[in-house]
Structures are given as C-alpha cells and as structure tokens.
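The next block holds one structure in the form of structure tokens; read it before the comments.
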Amino acid sequence: TCGSVGRRSIGRATSRDFRHFSPPQVLIAPGADMPPGHVWYGPGKTTLPGCPDQHVMFPYLWKLDSDSMDVHLLSSPDGWAWAEVPGGPVLTPGEPGSWDGGYVVPAGHMLQLGDELWALPYRGYAIPHKYPRLDPARRHLYAGVRDATGYALWPRGRLVALECPAEGRFRTIPLRPAGRRVRLNVSVGPTGFVRVGVMGKADLPGRTVAECDGLSAVDGFDVPVTWGGREELDLPAEPVALAFELRQARLFGVEFV
C-alpha cells in the first residue's frame, strides 16, 4: 500500500535486485466518489491463467465504518495503467458467524482447475478486521468459528463479459492472429445471434459479417466461427480486425487457434 495521497492507496515500485527500489508510484487511489472511510488495501496482483500478459488485480476495499473488506477486480494492458471493471465487488463476506463472515482477502494467484474452472484462492475471517479483535470484551466474538482458506470460482475464461441484451456491433483493434481459426467463449440466447467478420485494409472475401454462419442458442468455451461451413482464414500480411454483430449474447473471450 502507498499513503502519499492521504489515504491508503496501491502503488508500484521496481527493482533489479530486490534491494534498491524506485520510489513508489501511485496506481490506484481512493476517488472523490468513495466515502472517506473507504480505502484500497492489498493489491492482489496476478495474471489470467495461461495468459501471462493479461494483468488483473484483486484489491480489497477496507470499509472502516463496518470494519469489513470485499474484493474488487481491476485490469491493465501493461501493469501500469489500471481501471476498475464495472459491476462492483467480485467477492464479498459470507453470512455473519460463518468462517468468512467478517472479511475476505485474496490469497494467491488465479489458477485453472481442470478444463472448466478458474479459481482465486482467498482467506476468510470470521470476525471483522480490527475493532472486535482489539477489544478485549469482544475478542472472542463467534468463538469456535475458525478462519479458513477457500476458492472463488468462475467458469473458464468467464471472469467478465461483453453483454448485449438487445442488439449491437463493435470492432476490435487490428492485431496479428496466432492462428487461422477463430474460437469464441460465448453464450447466445435462442432468439439471439453472434456474427463475425474479418477485415484487413478491406473486408476479407468470403469472411464478412454477412457471410458468417451466425451462432444462436449456443453456450460454450471454444465455439468455432465458420463462413459457409469453413473455419480456416486466408489471412493477409497486414494485421486484421474482427467485426462483431450480436444480439442477446454474452461474449467472454476470443481466441485464434
């Protein structure tokens, strides 16, 4: 944590030898929209399983008024510029009196469990962070309930989604694909669709949005995209972008294979 902005914040310092560190640079600080008794505590920095260049952070927000903590999600393209992912906390304390009913904090890196789960280890505490613990009259609140470690679980790759409950479209930035086939981690309703087009300097012939075999009533981690029944792309030398049209769908991830 870093206190240069007057409240606990999250900073970053660098070192080549783990002895001489640079001055800390504040990355995440309490904003003007946060109550004065709320502060960012530990960072919980990790990367997505199998994606060492996809930086995420699970900082815990200490709420001094209730002496509790919950865990939020932030993302970064480079480990320096961070933004909170919308949607509120991703992990909150359990019911009062339970092993994680006081507060929760991340306790390790994100893991992949088997083929279908992502997991974040976390530590749960039965009583709030400081005040009952430091008050002799309340030190034994929920006596006999032991602190413990557990897993917060998500389906593989489904930490966040681009959701389109109605109908919309977007296009990715240009990129150099690592493969010649497109796979989607996606969930599409029975009256929805997802269609994908590929473009370089112009639309790739035979691989436009209009020629895509639309996906509907599907829910899978590795759903193939096809155009006229064909998956393989004849890619140009320059980077390509993907154009999406979707309706009543949640898109969790895109991969070239």
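The values are calculated or read from the model by the stated rules, or taken from the named source; none is laboratory data. Since we're looking at a predicted model, the values are computed, not measured. Cβ placement follows ideal geometry from the backbone for every residue including glycine, while neighbour counts extend to all protein chains displayed. The area values use the complete protein model at the heavy-atom level, side chains included, leaving out ligands, DNA and RNA. Shrake-Rupley method; radii C 1.70, N 1.55, O 1.52, S 1.80 Å.
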Scaled radius of gyration (Cα, divided by 2.2 N^0.38 Å) that the chain gives: 1.24
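Write out the trypsin sites (Lys or Arg not before Pro) in the stretch 9-55 meeting two conditions: DSSP loop, and at most 10 other Cβ atoms within 10 Å of their Cβ. Numbers along the way, then the final one.
Details: sites: R12, R16, R19, K45; in loops: R16, R19.
Within the stretch 9-55, the qualifying trypsin sites (Lys or Arg not before Pro) (loop, at most 10 other Cβ atoms within 10 Å) are R16, R19.
Among 180-188, 21-29, how do they line up by average Cβ neighbours within 10 Å per residue, starting with the highest? Numbers along the way, then the final one.
Working: 180-188: 20.1, 21-29: 14.7.
The packing order, highest mean first, is 180-188, 21-29.
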Derived scalar couplings ³J(HN,Hα) [the stretch 232-244; Karplus, 6.51 cos²θ - 1.76 cosθ + 1.60; whole Hz; x for Gly, Pro]: 5, 9, 9, 7, x, 6, 7, x, 10, 10, 9, 9, 10
Computed lengthening from A143 to E211, 0.36 nm per intervening residue step minus Cα-Cα distance: 18.0 nm
Expected 222 nm ellipticity per residue - DSSP helices of 4 or more, -39500 (n - 2.57), all of the chain, to 500: 0 deg cm²/dmol
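Keeping all protein chains in place, calculate the accessible area per residue for the chain (probe 1.4 angstrom), answer in Å².
Working: 14220 Å² over 257 residues.
So the chain comes to 55 Å² accessible per residue, rounded to a whole number.
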Most mobile of P86, P30, P49 in a GNM of the chain (Cα contacts under 10 Å): P86
3J(HN,Hα) from dihedral phi, the stretch 186-199, Karplus parametrisation 6.51/-1.76/1.60, rounded to Hz, x for glycine, proline: 8, 10, 10, x, x, 10, x, 7, 9, 10, 10, x, 10, 9
Under the Karplus curve 6.51 cos²θ - 1.76 cosθ + 1.60, θ = phi - 60°, whole-Hz ³J(HN,Hα) for the stretch 207-214, x wherever Gly or Pro sits: 10, 7, 4, 5, 8, 6, 6, x
